[in-house]
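The values are calculated or read from the model by the stated rules, or taken from the named source; none is laboratory data. If you're wondering where the values come from, they're calculated on a predicted model, not measured in any experiment. Cβ: placed from backbone, ideal geometry, glycine included. Neighbour counts: every protein chain shown. Side chains are part of the model used for accessible areas, which takes the heavy atoms of the whole protein and leaves out ligands, DNA and RNA. Shrake-Rupley method; radii C 1.70, N 1.55, O 1.52, S 1.80 Å.
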Amino acid sequence: KLNVRFQTDIVSIQREESGVYLKTWQNYKAKTEFCDFLIWTPEVSQLLRSLDKPTKEEKRLLGSLTPEVYYAHLIDVDGGIRHAPTTVFMANVLSKEDYAVTWTADTAGLLTPGIKTPEGLAKYNSDTDLRTLYALHAPSKQYTSEEFLKRKMRDHFIKGFNVSSVEFLNTVAWTYFPRWTPDELVEGRHWDVFEMQGQNRIWYAGVSASYESVRSVISYNNRLLKQMVPRNSLKRTQPISHNQHGSSSAISVNDCRYSCSTSGGCKVRYVGPSRHGYTLGACGPSGACGGTPSECKQCNTVINC
């Protein structure tokens, strides 16, 4: 049975050898919760703000995840040219210009009887009365001022569609999809995080660890469950290549390159001809593996780290 609690602010997270202490604020009272381990699913930027003494690897891997910032307005516009109750400005979308106006929607217009017919759409477009729109800006990696956004949105309608007036009812901002740069992805940071899972009594899940789709989230969570199995219950195949100190430098076998990770796990990278599918896999110190390219073997059966 799950004990689900809402309206609980996590003030700080402290890790000890015995477990994890969560200092919270519940119902206007300070409270401390003790856990054997913590599974963190919100954005990791929130974890780093509340985590006491994050490790060097946590700062490097989790601190480099950067989200995009979106802005939207609820506005009243009067007069001007109409094209449809909802409009996507593809030129602005494709230009990838920060804060460009990319989409507008008139909910009342979408619900107008007959709007899907040519006659209904023509009647809507010929109207010049006041209408309320939801308007979206293109994302950016940085926040900006509300004054700048309103000026950009006002210019879009007045200069581009001859609107006589624009009144802003509300403006909201939110972050979405923290991610690494393409170069950081090539480094294998997803698998570096995977190898770090559970080592410091924290398991990292959610959007910061896997792509935001149902298939990706379920697949990643299943791998986490395998990683959570006690180490002594996992059987590891003896590596076929190792030295007397129990470690090895990188090994190349056919189109696969095997190497050790700093956390004690290993990686395998497919270096053959370009094709679809996984190109980088890893095995954690516990023996759980994921992402192994189909042409390669699980790295812990080839190299001893």
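Axis of helix 146-161 versus longest Cα principal axis of the chain: the two differ by about 50°, to the nearest ten degrees.
With a cut-off of 14 Å between beta carbons, the residues surrounding ARG179 carry a summed charge of -4, where Lys and Arg count +1 and Asp and Glu -1. How many percent of the accessible area of segment 95-175 is carbon or sulfur, using a 1.4 Å probe? C and S atoms contribute 54 percent here. Which residues make up the longest stretch of the chain clear of trypsin sites (Lys or Arg not before Pro) that lie in a DSSP loop with no more than 16 other Cβ atoms within 10 Å, not counting the sites? The reported range is 6-95. For P(r) over Cα pairs in 20 Å bins from 0, in percent, the value calculated from this model appears in (i) 25, 41, 28, 6, 0; (ii) 25, 46, 25, 3; (iii) 33, 50, 15, 2, 0 under label (i). Spin-label model, TRP174 to LYS31: label points 7 Å out along the Cα-to-beta-carbon direction sit 2.7 nm apart. CYS266 contributes an accessible area of around 0 Å² to the protein surface, as traced by a 1.4 Å probe with all chains present. Beta bridges from DSSP with both residues in the chain: antiparallel share about 90 percent, rounded to the nearest 5. The simple spin-label model puts a point 7 Å past each Cα toward its Cβ; for ASP78 and SER140 those points are separated by 3.0 nm.
With contacts defined as alpha carbon pairs under 8 Å and 6 or more residues apart, what's the relative contact order of the chain in percent? Spell out each step's value before the answer.
On the way: 542 pairs, mean separation 49.8, N = 305.
Relative contact order of the chain: 16 percent.
Taking Cβ separations below 4.7 Å as the criterion for a possible disulfide partner, the isolated cysteines in the chain are CYS35. Would segment 176-231 count as rounded, prolate or oblate if I go by the C-alpha gyration tensor, calling it rounded below 1.5 in a/c and otherwise prolate when a/b exceeds b/c, oblate otherwise? Here segment 176-231 falls in the oblate category. The listed residues LEU94, LEU47 rank as LEU94, LEU47 when sorted by accessible area, largest first, using a 1.4 Å probe. If you sort the three axes of the alpha carbon gyration tensor as a ≥ b ≥ c, you get a/c of 1.5 or more for segment 37-96 and a/b above b/c, which makes it prolate. When a/c is below 1.5 the answer is rounded, else prolate if a/b is larger than b/c, else oblate, so apply that to segment 162-208 with a ≥ b ≥ c taken from the square roots of the Cα gyration tensor eigenvalues. Oblate shape, in that a/c is at least 1.5 and b/c is the bigger or equal ratio. Report, in degrees rounded to the nearest 10, the 0 to 90 angle that the Cα long axis of helix 214-227 makes with the longest principal axis of the chain. The angle comes out near 20 degrees.
Whats the longest run of the chain with zero chymotrypsin sites (Phe, Trp or Tyr not before Pro) that are DSSP loop and have at most 12 other Cβ atoms within 10 Å?
144-305
Length gained on full extension, ASN162 to ALA205, computed as 0.36 nm times the residue gap minus the Cα-Cα distance: 10.7 nm. Protein heavy-atom accessible surface, 1.4 Å probe, per residue over the chain: 60 Å².
Estimated from helices alone, the mean residue ellipticity of the chain at 222 nm is -7000 deg cm²/dmol (sum of -39500 (n - 2.57) over DSSP H runs with n ≥ 4, per residue). In this structure, the amide hydrogen of ILE202, modeled 1.01 Å from its nitrogen in the peptide plane, lies closer than 5 angstrom to those of LEU38, counting only residues at least 5 positions away or on a different chain.
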